[in-house]
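Presented below is the structure to which this report refers.
Just so you know, all these numbers are worked out from the coordinates, no wet-lab data involved. The model shown is predicted, which means the values in this text are computed figures rather than measured ones. No Cβ is skipped: glycine too gets one built from the backbone with ideal geometry, and neighbour counts run over all protein chains shown.
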Amino acid sequence: GADLALYRAKADGRGNFQFFAREMDTRMQARRRLEQDLRLAVRTGQFELYYQPLMESGAGLSGFEALLRWNHPERGLISPTEFIPLAEEVGLISAIGRWAMQRACADAASWPSNLKVAVNLSPLQFRPGLAAEVAEALQACGLPASRLELEITESVLLQDDDAVLAILHRIRALGVRIAMDDFGTGYSSLGYLRRFPFDKIKIDQSFVRGMTEQADCLAIVRAVIGLGRSLGIAIHAEGVETAAQHQALLREGCDELQGYLFSRPRPASEIAGMVQRLGIGILPGQHEEPASR
Ligand code: C2E
Ligand code: MG
Ligand code: MG
Ligand code: MG
């Protein structure tokens, strides 16, 4: 990569600047190609939504989070962490985000009526027409607003913009729930929790991952759960991978869980199978029979 090129350029002196420049040029070209591919992907519909179960503590499956995938014709499945930042940079995120919202609502409309769908929003989707877009997506497939949850990150509120708050309030007035995603990372400020009445806080995976080994992670998870309880905000833990994390989160009183322990994100065609496996009110780790003595 560029770091290696830079290292070589430094180690070998000026002669290697050309090598470094060539390397940069290669990366720029790769990025330009990916941008062209992304434009084509928007036009020809190369995106797909995968779904990951949301598990309500003690109650079982409560819905699914929609997670974007790009089926690249040559490169195969591309992760959103790779193409969403690019889509944001080149102005394609609104089109992609609108598609994802419509697709997710339409998919959810065919699920059992007690299951909701959670959709991620980019900060760049916060334009004046957003609330109308949400209302339209619901109307188009007849999904009740109460079955849609939108996930935003703290960066949405960074702008300290009354217009953003107004949009959030308009969406919430439709009956759609708003969750704060990746809580505890980035520019966390507890002040955000006063500026908007969030329905849910999703504790970031990094804290969940560390909570069974590191006292500081456990302390943070415990504090966020306490905060949620006093403010009347539901607390969700993402990135639950082990039975030990699962047990610890139940013990701490976490309201909702999500992670590879229950299921990885899967294509829409596998919803029925996941509902069958998880939707019976039994959480993994709880179905072992007590050992007979
Ligand atoms: P996110 O919204 O925080 O979604 C959770 C991410 O964690 C997903 O990655 C999911 O696959 C992953 N994950 C879930 N459980 C586990 C676990 O137990 N262990 C580990 N290691 N990972 C787990 P994914 O699907 O790659 O998505 C990454 C991010 O891309 C999302 O983070 C979200 O910020 C963004 N994204 C995905 N879909 C959309 C979309 O439709 N619109 C926008 N704006 N962003 C999206
Ligand atoms: Mg999310
Ligand atoms: Mg998250
Ligand atoms: Mg994330």
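Under the √(5λ) rule applied to the eigenvalues of the Cα gyration tensor, what semi-axes describe the equivalent ellipsoid of the range 136-230? Give them in Å, descending.
Output for the range 136-230: semi-axes of 28, 16, 11 Å.
Return the long-range amide H neighbours of Glu151 (sequence gap of 5 or more, or a different chain), with a cut-off of under 5 Å between placed amide H atoms.
Val119, Asn120, Leu121, Ala179
Could you calculate the FRET efficiency of Phe17 with Glu136 from 1/(1 + (r/R0)^6), where r is the beta carbon distance between them and R0 is 51 Å, rounded to 0.05?
Once the sixth-power term is evaluated, E becomes 0.45.
Could you give the alpha-carbon Rg of the range 62-168 over 2.2 N^0.38 Å, rounded to two decimals?
My calculation over the Cα atoms of the range 62-168 gives 1.11.
HN-Hα J couplings of the range 77-89 from phi, Karplus 6.51/-1.76/1.60, θ = phi - 60°, integer Hz, Gly and Pro as x?
Working through the residues one at a time gives 5, 10, 6, x, 5, 8, 9, 5, x, 5, 4, 5, 5 Hz.
What percent of all Cα-Cα pairs in the range 221-272 falls into each 10 Å bin, going from 0 up to the bin containing the maximum distance?
Final binned percentages: 24, 44, 24, 8.
To the nearest 10 degrees, how steeply does helix 243-252 sit against the main Cα axis of the chain, on a 0 to 90 scale?
Long axis of 243-252 versus the principal axis of the chain: about 60 degrees.
I need the phi-derived Karplus couplings for the range 58-63: 6.51 cos²θ - 1.76 cosθ + 1.60, θ = phi - 60°, integer Hz, Gly and Pro marked x.
Values, residue by residue: x, 10, x, 4, 10, x Hz.
Given springs between every Cα pair under 10 Å in a Gaussian network model of the chain, which of Glu136, Glu256, Glu213 has the largest fluctuation?
Glu213
Take the alpha-carbon centre of the range 93-161, take the same for the range 221-267, and report the distance between them in whole Å.
23
Just want to confirm a number: the relative contact order over the chain, from Cα pairs under 8 angstrom separated by 6+ residues, in percent.
17
R0 = 35 Å: FRET efficiency of Ala219 with Thr81, Cβ-based, nearest 0.05?
0.80
In nm, give the distance between the simple-model label positions of Ala163 and Trp99, each being 7 Å from the Cα along the Cα-to-Cβ direction.
2.6
Suppose every K and R has +1 on its Cβ and every D and E has -1 on its Cβ; what is the size of the dipole of the chain about the Cα centre, in Debye to the nearest 20?
For this selection, approximately 380 debye.
What are the equivalent ellipsoid semi-axes of the chain, built from the alpha-carbon gyration tensor (square roots of five times its eigenvalues), in whole angstrom, biggest first?
Each semi-axis is the square root of five times an eigenvalue, giving 34, 26, 22 Å.
Long-range amide H contacts for Asp182: which residues qualify at under 5 Å (H placed 1.01 Å from N, peptide plane, sequence gap of 5 or more or a different chain)?
Lys202
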